[in-house]
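The structure appears below as C-alpha cells.
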Amino acid sequence: MTDDVMLFGDTGTWAYHPYDGGAEVFAPDAGARDQLAAAHADWAVPTSPAT
C-alpha cells in the first residue's frame with residue numbers, strides 16, 4: 001500500500017508525491033522547477049494554450 005507517500009531529498013529542498021495517475025514534484029524555486037521540467041520534458045503532461 002502506498003497511499004499518502006511523499007519522498008524528500010536529503011536537504012529537504014524538494015519533495016516528490018506520487019499518486020494514482022501521476023505525481024507532483026515540489027521544487028524550492030522557479031529555477032529548480034524549470035530545470036526539472038527541461039530535464040524531464042517527456043514525462044510532463046501536455047498543457048493547452050492559454051485562452
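Per-residue HN-Hα couplings for the stretch 35-45, Karplus 6.51 cos²θ - 1.76 cosθ + 1.60 at θ = phi - 60°, whole Hz, x for Gly and Pro?
Calculated HN-Hα couplings, in order: 5, 5, 4, 5, 6, 10, 4, 6, 8, 6, 6 Hz.
Using just the Cα positions, wrap the chain in a convex hull and report its mean projected area in square nanometres, one decimal place.
That works out to 5.0 nm².
Show me 40-46, 18-24 ranked by packing, highest mean number of other Cβ atoms within 10 Å first. All intermediate terms of the calculation are to be shown ahead of the outcome.
On the way: 40-46: 7.6, 18-24: 9.4.
Going from most to least packed, we get 18-24, 40-46.
What full-extension length gain, to one decimal in nm, is calculated for TRP14 and THR47 as 0.36 nm per residue of separation minus the Cα-Cα distance?
On the way: separation 33, 0.36 × 33 = 11.88 nm, distance 2.28 nm.
Separation in residues times 0.36 nm, less the Cα-Cα distance, equals 9.6 nm.
Since every read-out is calculated from the coordinates, none of them should be taken as a lab result. Being a predicted model, the structure only gives us computed values, none of them experimental. Every residue, glycine as well, gets a Cβ built from its backbone with ideal geometry; the counts of neighbours run over all protein chains shown.
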